[in-house]
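Visitor: Sending over a structure as structure tokens; questions will come in a sec.
The values are calculated or read from the model by the stated rules, or taken from the named source; none is laboratory data. Because the structure is a prediction, the values reported are computed rather than measured. Here the Cβ positions follow ideal geometry from the backbone for every residue, glycine too, while neighbour counts run over all protein chains shown. All accessible areas refer to the heavy atoms of the entire protein, side chains included, with ligands and DNA or RNA removed. Shrake-Rupley method; radii C 1.70, N 1.55, O 1.52, S 1.80 Å.
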Amino acid sequence: MPTSGVGRFAVAVTAADTNYVYVLTTDNTNYAFYGLYRSTNHGASFSTMSTLSGGAPNVLGRSQTGNDPTVGQGWYDLSMDVSPTNSDSVIVGGINMWASGDGGA
């Protein structure tokens, strides 16, 4: 998990596997997508699933393609959910909705 440069956080869990905890983060400057992190041990430790700096689209931006890395709606619109039947199915919402079937990778 990042310790600096982060703005807001959203947390989601799933009934599909109670070991899983997801954390969605924004940056603290533009409130664009910063990263998605996943724990498979109740939050004791986290793995980085995707980051904006690692090439992921800005899922909190205005563009439907995610190619606007310097703007974000995370200061206002920040939501995430995980399927109750599939622990790898994650949905993130800002202005647009984004879905991942591989845990956000």
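Visitor: Quick check: anything in segment 26-37 part of a loop (DSSP other than H, G, I, E, B) and under 18 Å from A105 (Cα atoms)?
Guide: yes
Visitor: I would also like to ask the following. Is there a residue in segment 12-19 that is more than 17 Å from G103 (Cα to Cα) and part of a loop (DSSP other than H, G, I, E, B)?
Guide: no
Visitor: Looking only at segment 38-52, how many residues end up being β-branched (V, I, T) and either in a loop (DSSP other than H, G, I, E, B) or over 20 Å from N96 (Cβ atoms) (or both)?
Guide: Total satisfying the criteria: 2.
Visitor: Any residue at all in segment 50-73 that's among the basic types (K, R), more than 16 Å from A105 (Cβ to Cβ) and open to solvent by 30 Å² or more (accessible area, probe 1.4 Å)?
Guide: Yes - at least one qualifying residue is present in segment 50-73.
Visitor: Being more than 11 Å from the chain's Cα centre (by Cα) and surrounded by 17 or more Cβ atoms within 10 Å (Cβ to Cβ) is the filter; apply it to segment 27-42 and report the residue that is farthest from G94 (Cα to Cα).
Guide: S39
Visitor: Given Y31, Y37, which one is farther than 20 Å from V82 by Cβ and either of a type in the set (F, W, Y) or at pLDDT 95 or above (or both)?
Guide: From the options Y31, Y37, the qualifying one is Y31.
Visitor: Can you tell me which residues in segment 74-85 are more than 10 Å from F33 (Cβ to Cβ), of a type outside the set (A, V, I, L, M) and surrounded by 11 or more Cβ atoms within 10 Å (Cβ to Cβ)?
Guide: W75, Y76, D77, S79, D81, S83, P84
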